[in-house]
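Every read-out reported here was derived from the displayed coordinates using simple, explicitly stated rules and does not represent laboratory data. On a predicted model such as this, the values are computed, not experimentally measured, just so you know. So basically every Cβ, Gly included, is an ideal-geometry build from the backbone, and we count neighbours across all protein chains shown.
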Amino acid sequence: MKNLKFTRTHEWVKVEANQDYTIGITDHAQELLGDMVYIELPAIGTAIIAGKPFGVVESVKAASDVYAPVSGTVTEINSPLENNPALLNSDPYGQGWMIKIKPSQPEELNSLLKEEDYQQSLLEQ
Amino acid sequence: MANKTPLYQLHLDAHAKMTDFYGWDMPLHYGSQMAEHVAVRNDVGIFDVSHMTVLDILGAGGRQFLRKLLTNDIDKLPHPGSALYSCMCNEHGGILDDLIVYQRAPDSYRLILNSSTKDKDIAWIQEKSQGFAVGLLTRPELAIIAIQGPQVFSKLQTILTPAQYDAISTLRRFECVDIEACFFARTGYTGEDGLEISLPADQARELWQKLINAGFQPCGLAARDSLRLEAGLMLYGQDMDETTTPLESGLEWTIQWEPLDRDFIGMGALLAQKEHLKHKMVGLVLEEKGIMRPHQRVVLNHLPDGIITSGGYAPSLEQSIAFARVPVEATETAEVEIRGRLHRARIQKPRFLPKK
């Protein structure tokens with residue numbers, strides 16, 4: 001996970017080889033929420049804005065907005081995830097990825113947390 | 001300082017996620033509440049329910065007293081070693097608690113009461129027992145283990161002693177038996193077949209460990225809640241309380257009206273309310289994606305709003321289900337307000353399991 005960046009709201013971003021970004025939620029988030037039941041993902045082509053919600057995850061415990069770590073346009077969504085939300089619990093950094101985007105302002109990545117800083121922020125909560 | 005059951009350390013050993021439940025440190029789940037729920041529906045699961053209150057009512061006046069105290073009539077019990085479910089109401093018909101009463105002998109009854117209402121219940125029962133030839137005895141030294149699921153009887157054969165297994169294998173539903181310091185009852189809160197066992201703390205720890213070693217799935221409060229919701233079982237403090245009567249809580253069936261001269265506490269108020277009942281409890285099934293949760297608004301055609309009392313996801317139906325208190329006139333459909341949007345729901349009886 002060394003190559004991932006994180007938000008304080010428990011989302012992660014991975015820069016892909018083609019410079020698109022993959023976005024998901026962290027292990028901490030899935031553990032807090034519990035068994036996932038429904039996922040709402042945006043449509044391909046949707047513009048997402050850093051800091052604003054782009055989707056919803058609903059667990060047995062609660063519904064939770066997922067916040068865009070950076071801005072961009074949705075290029076791909078993880079459809080298997082919509083049919084099998086349990087992947088968010090079992091593999092949040094792998095098969096549990098949520099969306100891929102073409103970033104509009106790549107420099108936003110610099111404001112995100114490195115892994116050690118994210119783990120540290122969890123201890124402070 | 002939270003109360004701990006005798007099995008507390010064993011839950012920590014099993015890496016349970018613990019939670020506070022009305023002052024008790026209890027296991028919420030052991031990894032996945034859904035896996036635990038499914039285990040109980042398909043196989044068997046075990047629950048530590050030692051936080052509940054065991055109260056023994058002893059003496060020749062027990063029958064008379066309980067016939068006054070409870071909405072259901074213990075005269076319905078066919079023989080010692082049987083049990084029934086009842087409400088306990090105040091003079092206004094408001095529900096003080098719901099409980100199961102077990103007759104162990106003609107002069108010995110056991111009540112199992114909710115943990116959240118312990119002090120209130122005991123004070124009430126003590127006060128109302130004045131004038132009856134009974135003594136009350138709480139049993140805090142007893143733990144309670146529930147074992148629930150279709151495989152319960154087959155899987156327990158290698159766990160219990162031969163004498164215990166013999167005794168329980170002839171139990172019918174809602175029957176109970178004392179054997180080797182353990183009290184077994186064929187009752188439960190999941191909608192599945194199963195047993196609830198009250199037993200001394202040391203024996204409970206030994207039994208729980210044996211069950212874990214034999215691969216029985218430990219289940220926490222989260223699964224307990226989703227199971228009882230599917231099964232149509234009410235949760236005191238959430239679906240009903242002192243401000244609601246059995247008639248408004250889907251519990252009219254716990255009231256034994258005849259004979260009228262039994263005059264149980266609250267009967268007069270309940271008879272009066274029956275004449276002009278305004279609310280009833282229904283079940284809701286959400287026809288869209290989403291999850292219904294307590295306190296959400298229920299919107300009905302040309303009627304005042306109702307309210308969700310309990311709601312959640314039903315793994316057995318792969319849909320969201322709920323109990324809702326609504327005007328008596330509500331019929332087939334409703335809309336539920338979830339996160340600011342209205343979602344379609346179907347109204348039905350508050351019981352969601354397919355008939356077995």
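Structural remarks
- Long-range neighbours under 9 Å by Cβ, at least six apart or interchain, first residue free of Cβ contacts under 8 Å to residues at least 12 places away in the same chain within the stretch B:144-158, second among the β-branched types (Val, Ile, Thr): B:Ser154/B:Val44
- Matching residues, the stretch A:41-57, being under 18 Å from B:Arg339 (Cβ atoms), assigned to a strand (DSSP E or B) and touching a residue at least 24 places away in the same chain (Cβ under 8 Å): A:Phe54, A:Gly55, A:Val57
- Per-region count, the stretch A:59-76, residues surrounded by 19 or more Cβ atoms within 10 Å (Cβ to Cβ), part of a loop (DSSP other than H, G, I, E, B) and within 14 Å of chain B (Cβ to nearest Cβ): 2
- From the list A:Gln119, A:Gln125, A:Gln95, the one residue that fits, being more than 14 Å from every other protein chain (Cβ to nearest Cβ), surrounded by 14 or more Cβ atoms within 10 Å (Cβ to Cβ) and closer than 30 Å to B:Asp225 by Cα, is A:Gln95.
- Test: residue in the stretch B:180-198 that is at negative phi and assigned to a helix (DSSP H, G or I): no
- Within the stretch B:219-250, the set of residues being within 14 Å of chain A (Cβ to nearest Cβ) and farther than 11 Å from B:Ser310 by Cα comprises B:Cys219, B:Gly220, B:Leu221, B:Ala222, B:Ala223, B:Arg224, B:Leu227.
- Among residues of the stretch A:77-92 being in contact (Cβ under 8 Å) with a residue 12 or more places away in the chain and within 12 Å of chain B (Cβ to nearest Cβ), the one that is surrounded by the most Cβ atoms within 10 Å (Cβ to Cβ) is A:Asn89.
- Among the residues of the stretch B:233-255, the one identified as outside any loop (DSSP other than H, G, I, E, B) and of a type in the set (Val, Ile, Thr) is B:Thr254.
- Candidates B:His11, B:His79, filtered to the one that is crowded, with 21+ Cβ neighbours inside 10 Å, outside any strand (DSSP E or B) and more than 14 Å from chain A (Cβ to nearest Cβ): B:His11
- Test for B:Glu252: is it acidic (Asp, Glu) and closer than 30 Å to B:Phe21 by Cβ: yes
- Strands (runs of 3 or more DSSP E) (entirely within the stretch B:15-76) containing at least 3 residues that are in contact (Cβ under 8 Å) with a residue 12 or more places away in the chain and within 14 Å of chain A (Cβ to nearest Cβ): B:24-29
- Qualifying position, being crowded, with 18+ Cβ neighbours inside 10 Å and closer than 30 Å to B:Gln273 by Cα, among B:Leu211, B:Leu227, B:Leu247: B:Leu247
- Looking across the stretch A:4-58, just one residue is hydrophobic (A, V, I, L, M, F, W, C), within 14 Å of chain B (Cβ to nearest Cβ) and farther than 20 Å from B:Arg293 by Cβ, and that is A:Leu41.
- Index of the failed condition, B:Ser32 passing every other in (1) under 30 Å from B:Glu258 (Cβ atoms); (2) of a type outside the set (Val, Ile, Thr); (3) surrounded by fewer than 21 Cβ atoms within 10 Å (Cβ to Cβ): (1)
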